[in-house]
Every structure is written in structure tokens, then in C-alpha cells.
1. Given 0.36 nm per residue, what is the gain on full extension from residue 71 to residue 111 after removing their alpha carbon distance, in nm?
2. Spin-label point model (7 Å from Cα, Cβ direction): what's the residue 93 to residue 59 distance in nm?
3. If you rank 102, 49 by fewest surrounding Cβ atoms within 10 Å, what's the result?
4. Looking at the range 42-111 from every direction and averaging, what is the projected area of its Cα convex hull in nm²?
5. Show me the ranking of peptides 74-85, 59-70 by mean Cβ neighbours inside 10 Å, starting with the highest.
6. With each label point set 7 Å from Cα along the Cα-Cβ vector, what nm distance links residue 51 and residue 101?
């Protein structure tokens, strides 16, 4: 691979401006809209208004919880079907991909009541 050219300060600035224009044009303005990170509490962005029962929630409902995406929601439902209901929110740690950090983030928005 050839070495990058040695650019002066003004040339570097121009290159950055051109590169930025290409990125914006190539990806569109929609990518410039900030996304809510999975670690942010769900209520802050209006996703949840009540707690979710981990024992009856659908995959779509589980995805409203912080850090729970489609794959993890599917594993939670599959685990619940294979191993029975969760006795507490902490029981969700038996699902691969759910650790203490995720438990702490979903605790305010989840409950484990008998189905």
C-alpha cells in the first residue's frame, strides 16, 4: 500500500472538509440524528410507562427494556419456555448474555410475577 501524501496544514483542512462532505452525502442526514444508547434507562426516551412482567412479555415488549435487543429478547422467551417462569428479576441472569449490569438497568422497569 502506498504511503499517504504529506499534506500541509491548509491541505489537511481541505481534505477533512471534503471527507466530511462525502460522509454526510454518502450516509444521509438520518445518521446524524443521535440514537439513544441501549444502556440509557428506557423511561428517559418514553419507551416504558409501566413495568414489564418477564414471565408474560412478548419479545417485542422485552425489547423496550434497556440493553435488550431482538436476540436477547428471543433468548429470554426461549429460556422461560424451557426452564419455567422467573422467580425474580435476578433470575434472568440464567439467560446467556444477561449479566449484573443488564439486571441493574432493567430492574426499575421489570418484574417477575406468576403468569
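1. Numbers: separation 40, 0.36 × 40 = 14.40 nm, distance 2.02 nm.
Result for the pair: 12.4 nm of gain on full extension.
2. 2.7
3. Values: 102 20, 49 9.
In increasing order of surrounding Cβ atoms, one gets 49, 102.
4. Numbers: hull surface 16.1 nm².
Projected over every direction and averaged, the Cα hull of the range 42-111 covers 4.0 nm².
5. Values: 74-85: 14.6, 59-70: 18.6.
Order by mean packing, descending: 59-70, 74-85.
6. 2.5
A short reminder: the numbers here are calculations on the coordinates, not readings from a lab. Bear in mind that the values here come from a model prediction, so they are computed numbers and not experimental data. Cβ: placed from backbone, ideal geometry, glycine included. Neighbour counts: every protein chain shown.
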